[in-house]
């Protein structure tokens, strides 16, 4: 069934639509998080003023282009996929940085930058000593993404259109999201979605459920997001509840690896070895990159999950959520499962 | 002799004056360097147009505050020193990032940002697979630093004023440099200098020699810079030639460690172990941080060199030239030589 996704006639393997964000990473201990109004391991939306206050409070930073979906797309490019991205930056320094990094990674990115309004989005990411990341996101210009930015021909040309749940937060972006799903389905293409964050699922549970039932072929989630989506009492219960709701559901479980759920089967795939865990930012994003690249290349599902694990292992062994080496070379050299 | 530098009456242990720069790090193979007009392992000055072209040619980047002297000052702060910095940024996004990162590291930084003229300086750093860094620097606003930015009371309050040789490139900064040396000497304080880069030494050899003879107490160099300064045929010859020219000369030799040269003695101190060499950017800067912190804390010279080695080992085990952990904690836990 999944082999159909190889879609050799598509011009793009993968088109991502997401919030275009530059990350500012710094380190802090857990005690600081609560004082800053952040809940460990989650993403909190903040406004421009809160972003200033939080930035002033955090330590020296490292700036790296981010955005969940953009990280996935950059990762898929590094694996050799033909990829494009739709997202909104402002025509400021951070926006130029974001566009440079995406294009330099081999991603087609043509969404026009906003020439007025709020600045390019930034995500203040605090990495605690256990390598977990906690995020405060100022959406800025990324929230200006709207249906007009969704190019019909581009969406129709991609074997899979991949959307992040975070897009459901800004109202215009939600419309863009819906338009993209409609176009992709109309063109006989596939739609993939990541649930993004447990709080994001709480905010939009019913709409996400509806969307998944209607138009999502491939769903990504971590344990907390899946459990929240189906309001289950346990992970096993959640797996049973989601089974068959879309063609494939891939659930990441940190060091426990991932679980690939189809109507017929539930397969567990181990995580790839990580010598030095530095920063978990982007782990889920890069898992999706490997998995989706595998799908569009027509690989069997356990191999898709293995590619996801290899890509995730690279990104959590350094600061920042974009790959720092060629994932294609890394995957070629990695021991098969 | 060196114990005099502990200078308990000083308000600051260390004041740095340097080019205020934000680094943009990316990876590339060696073949690319020549095509971009860069010589491996060195720093090339580029103008705004060349910076645009080079940025467009390089891969996805990571932005980290840099500037040789500022890296040293941030490192010394991380070791627990009381430190200040003088350098010029523009009032733009990169300038705000630079100031944030320095202040967040515990550095007193009050030089007013320029409100017009060129943007904040950036250094495009290309890291080759052997972890060596090669740099193209657009000086931008940092070249606007001038004598008026050198606060007499501040310089007089610091036990050591530390200057980077790179300051000799922009004319106004050179005047600022000279003014700082004069104030420090007049106040009975010490002056430290790093030679920065072999090309920088070639550009300014005679003036550097004069300055060292007249007013430098502590000199930092790597092998190539030292050999170029004294135009020696070998490293041993260079060591003999520089001996006694200032109170102490500390020469870094990468994995061979460092050599500490005084009028009476030449002592070799091994490098600290590095598990994973990722990016040598900032190795010399952080060596100077450890060494200078040791000096102002009244430690014996071999211990100063060991502190330098520990600080350098941290910074070369990740991307970027600023420490990512507390160097004070790292040094406390590190095995003594």
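Answer with yes or no whether residue B:41 is in contact (Cβ under 8 Å) with a residue 24 or more places away in the chain, in contact with a helix residue (DSSP H, G or I) (Cβ under 7 Å, 6 or more places away or on another chain), within 30 Å of residue B:330 (Cβ to Cβ) and surrounded by fewer than 22 Cβ atoms within 10 Å (Cβ to Cβ). So residue B:41 does not fit the description; no.
Here residue B:141 meets each of (1) modelled with pLDDT under 95; (2) closer than 29 Å to residue B:59 by Cα; (3) assigned to a helix (DSSP H, G or I) with one exception, condition (1).
All conditions in (1) at pLDDT 95 or above; (2) not in a helix (DSSP H, G or I) hold for residue B:196, with the sole exception of (1). Here is a list of conditions, (1) more than 14 Å from residue A:158 (Cβ to Cβ); (2) touching a helix residue (DSSP H, G or I) at 6+ places or on another chain (Cβ under 7 Å); (3) surrounded by 22 or more Cβ atoms within 10 Å (Cβ to Cβ), and residue A:100 meets all of them except one; can you say which number that is? Tallying (1) more than 14 Å from residue A:158 (Cβ to Cβ); (2) touching a helix residue (DSSP H, G or I) at 6+ places or on another chain (Cβ under 7 Å); (3) surrounded by 22 or more Cβ atoms within 10 Å (Cβ to Cβ), residue A:100 fails exactly one: (3). The residues of the range A:24-50 that are within 14 Å of chain B (Cβ to nearest Cβ) and closer than 27 Å to residue A:86 by Cβ, listed by number, are A:24, A:25, A:48. Restricting the range B:164-193 to residues that are under 15 Å from the mean Cα position of the chain (by Cα) and part of a helix (DSSP H, G or I), the residue that is surrounded by the fewest Cβ atoms within 10 Å (Cβ to Cβ) is B:168. Taking the range B:97-122 as the range and being more than 14 Å from every other protein chain (Cβ to nearest Cβ) and outside any loop (DSSP other than H, G, I, E, B) as the test, the residues that pass are B:108, B:114. With respect to the conditions (1) without any contact (Cβ under 8 Å) to a residue 60 or more places away in the chain; (2) in contact with a helix residue (DSSP H, G or I) (Cβ under 7 Å, 6 or more places away or on another chain); (3) surrounded by 20 or more Cβ atoms within 10 Å (Cβ to Cβ), residue A:83 falls short on a single one, namely (1).
Here the strands (runs of 3 or more DSSP E) wholly within the range A:218-337 that include at least 3 residues being surrounded by 15 or more Cβ atoms within 10 Å (Cβ to Cβ) and away from chain B (no Cβ under 14 Å) are A:218-222, A:248-252, A:258-261.
Could you tell me whether residue A:124 is at pLDDT 95 or above and touching a strand residue (DSSP E or B) at 6+ places or on another chain (Cβ under 7 Å)? Spelling it out, residue A:124 is indeed at pLDDT 95 or above and touching a strand residue (DSSP E or B) at 6+ places or on another chain (Cβ under 7 Å). Going by the conditions given, is residue A:57 buried (at least 17 other Cβ atoms within 10 Å of the Cβ) and farther than 21 Å from residue A:168 by Cα? Against the criterion (buried (at least 17 other Cβ atoms within 10 Å of the Cβ) and farther than 21 Å from residue A:168 by Cα), residue A:57 does not qualify. Considering A:328, A:313, A:289, A:334, the condition of being touching a helix residue (DSSP H, G or I) at 6+ places or on another chain (Cβ under 9 Å), touching a residue at least 60 places away in the same chain (Cβ under 8 Å) and under 27 Å from residue A:24 (Cβ atoms) is satisfied by A:289 alone.
Among the candidates B:53, B:64, single out the residue that is within 11 Å of chain A (Cβ to nearest Cβ) and either free of Cβ contacts under 8 Å to residues at least 60 places away in the same chain or not in a helix (DSSP H, G or I) (or both). Result of the check over B:53, B:64: B:64. In the range A:71-93 there is at least one residue that is in contact with a strand residue (DSSP E or B) (Cβ under 8 Å, 6 or more places away or on another chain), in a loop (DSSP other than H, G, I, E, B) and more than 26 Å from residue A:193 (Cβ to Cβ).
The values are calculated or read from the model by the stated rules, or taken from the named source; none is laboratory data. Bear in mind the structure is a predicted one, so any value in this text is a computation, not a measurement. Neighbour counts are summed over all protein chains in view; Cβ atoms, including those assigned to glycine, are modelled from backbone coordinates with ideal geometry.
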